[in-house]
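Contents: one structure, followed by commentary.
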Amino acid sequence: MARKVGQVICLDGKETSAEGKTALAFGLEAGDGVPEEIIIYGGKGNVFHQETRARGKNPPEDALSPEQAATMLPPEKQAPPFIMSATSTAPPSTSASMVPARWAVLGVVLAMLTALVGIFPYQHWDFTERSSILGGILRKAQQDSEWWFCLLTPFLVAWLIARMRRDLATLPLQGTWLGLPVLALGMLFYGFGFKADTAYPGYLAIQIITLGLILQLGGLPWLRRLFFPWAFLAFTWPMLPLESMLALPLRMWTARLSALVLGLIGVPVVQEGTGLHSAADELGGLAHGQLFQLDVEEPCSGIRSLFSLLMLSALYGWLSLKTWPARAVLFASAIPLAMLGNIVRMVLLALGSLWLGSDFAIGRNIDGHQEMSFFHSLAGFAVFGVALAGMFGISSWMERTLDAKPMHSHAKEQLDPATPGRRIWAHLAATVVILGGGLLHCATMDTAYHVSPASVRLAMPVLLDGYVSTDQPMTEREQLTLAEDVSISRRFYTKPERAILASIVVSGAEKRSLHSPDVCLPAQGWQVSSTREITLDLGDGFQPTVTLMTMFRDVEDATGRRGRLRALNLFWYMGSDGSTCAGYQEHVWRTYRDAFFRNLNHRWTLLTFFAPLKAEPAGLADPLAEITALQDVESFIRSLMPHLLVAQKSP
């Protein structure tokens, strides 16, 4: 057996299994006295085990030297003599020669990320001058307090990495050239977002660039250690498109489930889209919605709390649970828990309105502005109270069940004790060239921000093809929701056999300032029965592809009797060059494509034509009514478009 000689640990010649891997043990002979450190290394210096025990003050006289101990092993089992002092705290991979390289890597990473995120003017957030990605996130958080957690995320990532510093100190810098194409891909997205003047490709770019930095400068072992902090970094970015996609489904589900709960506890309620209204009571003399009228708006849908709860569940799961399945379950539970919290909130508001009055429970409308009551604000805390209680309960349950047997990774890692100096400096140089060159290229781009004029006029005729019309001005809610420079023209055209609501919405300078009608109409209580694209022949070769929605809604009159209304809605988007898009996502993609390749910033126009059908008893629908209505709407649009088009072009 090998023994201690001075401060040197010698091989004992035995194979030891540590974390499922074969290693050669470095040991000490027992004695009495001082604490010494035992470190077990693999053939290439991998640290598999480390502990401190009391050892003898005086080493045995027959102790072997490291060289003698190594010669006692068969040739095939002899390992490179990565032998270190028993009292040393530095692993082989952090030799003095590598300290400057590690500081250089840290400096390059911090400098590049600071330049890309915090300094370089990336987007026209206020349309007068460009500001950095960080400045845009700060501006968004100031506009909407729900996004303040985004600014907290980088500090949490730094804290998570600091907790791993002892483990990371044992890892050598084994950068792989696989990081180079990842960095190049990240800079490609960064340049695309800069040229298109939109932040979302920039968010994706920073996430990809961070991944490339880990691979390029640290290597795969570093990526394994830092994967969770890297993934957690994604909560830094305000995901407004994701909010738009998820908000309406969450609002609808919250309204349905809230109505179900209220019905179960004996509160008569009628759901109309995202609205909850007290039911009419003919015997009690109560009209529809007289006791309360609630609307599950975005703050009440769960979407605002969902992102912060997802961040908390991911962080709490990483810190408190040991297995990935348990962490995944806790992370996914944030979605139903956010909905549950908002259901409790809506039920509290409905009950408060019944017992204490609508002014006390919801608030008063003062000069057209809805003031939120104290009770309303207090009910908002139910969202996080219910969600956090549920999160802690689920975590506690999984610690006893799914998380009881932590999984151990048996993947083999081959670590070199140190990365050659020339290699790490070459990786650093390549990193600076890719990222610095990308920034320099962005700085030389033609990025003057000029929004082109709209291709459609706002003014619509009062009389048209036998129709008479009345003006429908922008509502107060629309003024609060839409950007200040968004313009709306809307007229309600009628004749004895048909009514059509024509709307023209011209976007402002901000991209994505328009929304999709298939979002607002369901929120108003309409249920979409079908959506398809059709081509209209509007004359003179103008044949746009438009979206046709057929929908219905069940209504209740003052006596409580229910009937069904049906309607058609046609809409499409027109760009500044006269091009058309049938759907919202298509117009978003063309916005970015034309801004990047054509230096054309569209001022988009949304044209919608809504045609209600005559009311019918429930279950007695006329199958020809929709066909006739579609023909009438197409004929109406054909007569209207010559009054609207500034420059009529084929799409």
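The values are calculated or read from the model by the stated rules, or taken from the named source; none is laboratory data. Keep in mind the model is a prediction, meaning the values are calculated, not measured. Backbone-built Cβ (ideal geometry, glycine too); neighbour counts: all protein chains shown. All accessible areas refer to the heavy atoms of the entire protein, side chains included, with ligands and DNA or RNA removed. Shrake-Rupley method; radii C 1.70, N 1.55, O 1.52, S 1.80 Å.
The single condition from (1) aromatic (Phe, Trp, Tyr); (2) surrounded by 21 or more Cβ atoms within 10 Å (Cβ to Cβ); (3) under 30 Å from residue 196 (Cβ atoms) that residue 636 fails is (3). Listed by position, the helices (runs of 4 or more DSSP H) inside segment 129-235 whose residues that are under 27 Å from residue 442 (Cα atoms) and either open to solvent by 10 Å² or more (accessible area, probe 1.4 Å) or touching a His at 6+ places or on another chain (Cβ under 8 Å) (or both) number at least 2 are 133-143, 148-163, 179-196, 200-213, 220-232.
Look at segment 100-119 and say how many of its residues are under 18 Å from residue 151 (Cα atoms) and over 21 Å from the mean Cα position of the chain (by Cα). Reasoning before the result, please.
Keep residues of segment 100-119 that are under 18 Å from residue 151 (Cα atoms), which gives 110, 113-119.
Filter once more, keeping what is over 21 Å from the mean Cα position of the chain (by Cα): 110, 114-115, 119.
Residues that pass the stated criteria total 4.
Taking the conditions (1) farther than 15 Å from residue 639 by Cα; (2) modelled with pLDDT under 90; (3) open to solvent by 30 Å² or more (accessible area, probe 1.4 Å) in turn, residue 470 satisfies each one other than (2). Candidates in segment 540-568 are the residues that are in a loop (DSSP other than H, G, I, E, B) and at pLDDT below 85; of these, the one that is least open to solvent (accessible area, probe 1.4 Å) is 560.
Scanning segment 123-164 for residues that are charged (D, E, K, R) and farther than 13 Å from residue 229 by Cα turns up 126, 129, 130, 139, 140, 144, 146. Residues that are at pLDDT below 75 and touching a strand residue (DSSP E or B) at 6+ places or on another chain (Cβ under 9 Å) were ranked within segment 117-152; the one that is nearest to residue 198 (Cα to Cα) is 125.
Screening residue 270 with (1) among the hydrophobic types (A, V, I, L, M, F, W, C); (2) over 25 Å from residue 324 (Cα atoms); (3) out of contact with any helix residue (DSSP H, G or I) (no Cβ under 6 Å at 6 or more places or on another chain); (4) part of a helix (DSSP H, G or I) gives one miss only, at (4). For segment 276-285, what are the residues that are at pLDDT below 75 and buried (at least 16 other Cβ atoms within 10 Å of the Cβ)? Correct list: 280 only. Just to verify a result, which residue in segment 473-518, among those that are open to solvent by 50 Å² or more (accessible area, probe 1.4 Å) and of a type in the set (A, V, I, L, M), is modelled with the highest pLDDT? Going through the qualifying residues, I end up with 474.
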